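Input: a single structure, listed below in structure tokens.
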Amino acid sequence: SQQGEEDPQALSIQEGENATMNCSYKTSINNLQWYRQNSGRGLVHLILIRSNEREKHSGRLRVTLDTSKKSSSLLITASRAADTASYFCATDAWGGSEKLVFGKGTKLTVNP
Amino acid sequence: DGGITQSPKYLFRKEGQNVTLSCEQNLNHDAMYWYRQDPGQGLRLIYYSQIVNDFQKGDIAEGYSVSREKKESFPLTVTSAQKNPTAFYLCASSVSGSTDTQYFGPGTRLTVL
């Protein structure tokens, strides 16, 4: 069953604009992770945020987590054409689940 | 140069054949995973292993089998019992089980002819 669900399914923006993607989940979590996938490639880990954290930054990436709303957002600032990819959130389940559950992803297109 | 390798990149199978996808890692990770990805979809867990000689079924294990005889290797066999095997297969590893950051291989695209 899908734990995380990304929104929107697809997003198209111009270079230089900011891109915001959202992830909602159903059960309590230990942490939430964001991954990126270029077309036809494996996933690359971007950032992990723990349930006791509210915001985390990494370069042009900003992730927020609202456990009361069971949601997270990924913001990419000053986007570049090279940011074109699919972005997935992945969640575990509170209580020591042994596996991550991935959402269906947001397909981001950054137009030059 | 550490990482995860998968081979082959593309694989074609005739109906009724078993095929084995290779996954090797030199990251010294204990845990390894196999996922299936269909077009426009997320990843679905097939099997995972947290330690050598032990593995567990994921959400869609039917028609697949795995082995974990060495820490570095976690091959996946797609059997003829898998009714719709055409998909993109991703292998991943993590330091330990649970919900550590996972490191992915480049994937194998399997097509049934």
Inset, instruction - Inspect region A:29-48 for any residue being touching a strand residue (DSSP E or B) at 6+ places or on another chain (Cβ under 6 Å), surrounded by fewer than 16 Cβ atoms within 10 Å (Cβ to Cβ) and at pLDDT below 95 and give the result as yes or no. - result: no
Inset, instruction - Can you confirm whether region B:58-69 contains a residue that is over 24 Å from A:Lys107 (Cα atoms), without any contact (Cβ under 8 Å) to a residue 24 or more places away in the chain and of a type in the set (A, V, I, L, M)? - result: yes
Inset, instruction - Could you tell me which residue of region B:31-86 is nearest to B:Lys14 (Cα to Cα), considering only residues that are away from every other protein chain (no Cβ under 11 Å) and acidic (Asp, Glu)? - result: B:Glu62
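Every residue, every condition in (1) under 22 Å from B:Ile4 (Cα atoms); (2) away from chain B (no Cβ under 14 Å); (3) more than 14 Å from the chain's Cα centre (by Cα), yes or no:
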| residue | (1), (2), (3) |
| --- | --- |
| A:Ser12 | no, yes, yes |
| A:Glu17 | no, yes, yes |
| A:Ser39 | yes, no, yes |
| A:Glu55 | no, yes, no |
| A:Gly59 | no, yes, yes |
| A:Thr67 | no, yes, yes |
| A:Ala78 | no, yes, yes |
| A:Cys89 | yes, no, no |
Inset, instruction - Answer yes if at least one residue in region B:87-96 is more than 14 Å from every other protein chain (Cβ to nearest Cβ), surrounded by fewer than 16 Cβ atoms within 10 Å (Cβ to Cβ), in contact (Cβ under 8 Å) with a residue 60 or more places away in the chain and β-branched (Val, Ile, Thr), and no otherwise. - result: no
Legend entry - Count of region B:1-30 residues which are under 18 Å from B:Ala87 (Cβ atoms), of a type in the set (Gly, Ala, Ser) and either within 11 Å of another protein chain (Cβ to nearest Cβ) or surrounded by fewer than 15 Cβ atoms within 10 Å (Cβ to Cβ) (or both): 2
Legend entry - The lone exception for A:Ile29 - which of (1) among the hydrophobic types (A, V, I, L, M, F, W, C); (2) under 20 Å from B:Thr99 (Cα atoms); (3) within 12 Å of the chain's Cα centre (by Cα) it fails: (3)
Legend entry - Criterion violated by A:Gly105 - all others in (1) on the phi < 0 side of the Ramachandran plot; (2) under 12 Å from the mean Cα position of the chain (by Cα); (3) buried (at least 18 other Cβ atoms within 10 Å of the Cβ) satisfied: (1)
Inset, instruction - Determine whether B:Gly105 is under 27 Å from A:Trp34 (Cα atoms), touching a residue at least 24 places away in the same chain (Cβ under 8 Å), within 8 Å of chain A (Cβ to nearest Cβ) and within 11 Å of the chain's Cα centre (by Cα). - result: yes
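The values are calculated or read from the model by the stated rules, or taken from the named source; none is laboratory data. Remember, predicted model here, so these are calculated numbers, not experimental data. Backbone-built Cβ (ideal geometry, glycine too); neighbour counts: all protein chains shown.
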